[in-house]
Amino acid sequence: MRNKGMVLVFLCFFMLCSAAVYGKGGNDKYRLVFSTFDISSAGNYAYLRDGIQSMLVSRLSVGDRVAVLDRNFSEKELNSLKNKQTTGPGGSETAVADYLVTGSLYKLKTGLNIQIVLYPFAKDKEPLRFEAVVKNPDNMLADVEQLSREITQSAFGHEAVDPGVVKTEGERSGTSGFVTAHPEAAYKKRVNTGAVTGAVGSTVQVTAKEGKKSLTLSREIRALAVGDVDGDGGDEMVVLIGNTLELYKVEGKKINKIATASLPAALECHAVNMADLDNKGRMEIFISATEGLNISSLIVGWDKEKGFRIITENIPWYIRPVQIPGKGWRLAGQQRGTEKTQLVKAGVYLLDLHVGALPTQGERLALPDGVNLFDFVFADLDGDGAPEIVAIDKKERIKVFNRANELLWVSKRTFGGSQIYLGPSRGEAVNRQDRRNFTVDEDFERELIFVPGRLVVADIGKDGRQEIIVNENTLSSLSFSQKMRIYNDGVIVGLAWDGSALNEAWRTGTFKGYIAGFGFSVRNKLGETEQIAKTDDKKTTVGLYVGHLPRSGTFVGLLPGTGETQLTVYDLEFSSGKMK
């Protein structure tokens, strides 16, 4: 039984340390393998899966450039597919195929969204993403035909699309304050971490002021949060490294560590957030954690005299502060199920805080099915006073729902990528039957429930329409399995709603490796949705804090004692005026 875990570790090691040799020339064909399309969000369109998949297979097989293998692969088979190598000419190694084709169907309020991703088996290539929105069932055949033509031309044609150019997420309607960032300026050559790129034609300009501040830590962080913990009006940065809390503050041009504390060694922490829920002028630190298979969260405070102190511990809820429309900032929670392997039970609830006692359950939030505590925010994207629900699903897609929980839009790109999941770390199971531990088989077979990166909501344009700020970690081509997430690099992006889609407004430069956490500076008591540092009639200045692991996903990063974190702080200035 332990051999299963060892095989997975070996597979990860093998794929990171070797790359297959690829090339297409002459009459060579591109070889495709299909996984069964996902219909978990398809609603009453689920019955169309086999028909749509068969149509794409037949259309892509036309001509002499593509060969589709004659079977589908299950999710379990995909976990080991890349280990199946064959010997090519000259003794070079080639994979069983050139692309793995995956698909997902989403029921929208306005029709059906079909998303197709081609994952290359070559390590140096990036996934190719395609989508079609079918608004009229009578146009289904034509829309799928057009989708297949786009795939054929972009992936296999003579005029391949530059994978470094980010496409718009949807056709624009109305006059949004932000539009997609100019591809020539931001994407063909990836900008470095010191740059921030705005959108050509936007009514808001963005610049990075006074240079960035940075600090290198010798260990890898798990999470990061920003807020005013001592009530002095300035921001502090709380960093979680293993089971150690560290507090940092920008002082002049330096980032200085001002405090540290150890948490109980048995805790497995997966989320750190900050908010002033009791309106006392200073923020508390809310740490969601498990101890073995049980939830054991805690609330921590800090002041200059006493340092870190535990306010409440052993909370049997996953916890997170959430801004609720009409209610302000409240603590929300979610429980685990009664079955041993059921780490999450459906239902997110408001929790009532009590001095000297554990929080108690309040009302249940009306959220779409499958949305967990850490997945969502409320945001008034169109400025009509009725906030939408913005959520990240298990495939790292952003979804936008209206208040009736109808799906309005699904992103083609992936956002909020994270390596943090609920429960014990994989590989730490013991081979005994009890309620406190997974057995080795249970550990290997369990579905990992990831905690997405932070979703921040802010009206940077000051026009009543809130934007979404989120990390966009780029999955390696090795990471087609939900149980293995490896990231090549990442950016922080701002997204604005145009009436039908979220489009990119601005982005930072590219951070090599994995963005483990970020935060915006907080200068008021509203918490993390209104995160404006200083404003006047023309300018808005915010502080952006980023923690990334530059060696994550590399061979060096696998070696003991080589973990490293780069903390970077920017002052960003947004002002009125069109970008050129």
Which distance in nm do the two modelled labels at E291 and R31 give, with both placed 7 Å along the Cα-to-Cβ direction? 5.3
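In square angstrom, what is the accessible area per residue of region 287-380 with a 1.4 angstrom probe? Walk me through the numbers on the way to the answer.
Details: 4140 Å² over 94 residues.
Result: 44 Å² per residue.
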Please work out the FRET efficiency for the pair R436 and L353, using the Cβ-Cβ distance as r and a Förster radius of 30 Å; give the result to the nearest 0.05. 0.55
Is any residue of region 312-335 close enough, with backbone N under 13 Å, to a label point placed 7 angstrom from the Cα of E363 along the Cα-Cβ axis, and if so, which? 324-328
Net charge over other residues, Cβ less than 9 angstrom from the Cβ of G563 (K, R count +1; D, E count -1): 0
Expressed in angstrom and rounded, the centroid-to-centroid distance over alpha carbons for region 450-519 and region 233-290 is 22
Excluding I389 itself, calculate the net charge of residues whose Cβ lies under 9 Å from the Cβ of I389, where each Lys or Arg counts +1 and each Asp or Glu counts -1. +1
Using R₀ = 25 Å, calculate the FRET efficiency as 1/(1 + (r/R₀)^6) where r is the Cβ-Cβ separation of N256 and E305; round to 0.05. 0.85
Take the alpha carbon gyration tensor of region 223-303, find the square roots of its eigenvalues, order them as a ≥ b ≥ c, and report rounded if a/c is under 1.5; if not, report prolate when a/b exceeds b/c, else oblate. oblate
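Taking the Cβ-Cβ separation of T338 and D232 as r and a Förster radius of 35 Å, what is the calculated FRET efficiency to the nearest 0.05? Working shown, then result.
Details: r = 45 Å, r/R0 = 1.29.
Rounded to the nearest 0.05, the efficiency is 0.20.
Per 0.36 nm of contour for each residue apart, how much would the distance between T216 and K345 grow if the chain were fully extended, relative to their Cα-Cα spacing? Numbers along the way, then the final one.
On the way: separation 129, 0.36 × 129 = 46.44 nm, distance 3.86 nm.
Length gained between T216 and K345: 42.6 nm.
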Paramagnetic reach from T244 (point 7 Å along Cα→Cβ, amide N under 19 Å) across region 262-284: 262-272
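Hey, which of these cross-link pairs are over 20 Å Cα-Cα: K249/K512; K209/K304; K253/K539; K109/K399? Intermediate results must be reported in sequence, preceding the final value.
Details: K249/K512 24 Å; K209/K304 30 Å; K253/K539 22 Å; K109/K399 12 Å.
Pairs exceeding the cut-off: K249/K512; K209/K304; K253/K539.
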How far apart, in nm, are two points set 7 Å out from the Cα along the Cα-to-Cβ line at T110 and at E447? 3.0
Less than 12 Å Cβ to Cβ from Q146, Lys/Arg counted +1 and Asp/Glu -1: what total charge do the surrounding residues give? -2
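The values are calculated or read from the model by the stated rules, or taken from the named source; none is laboratory data. Keep in mind it's a predicted model, so treat the numbers as computed, not measured. Because the Cβ atoms are built from the backbone with ideal geometry, glycine has one as well, and the counts that use them run over all protein chains shown. With ligands, DNA and RNA removed, areas are computed over all heavy atoms of the protein, side chains included. Shrake-Rupley method; radii C 1.70, N 1.55, O 1.52, S 1.80 Å.
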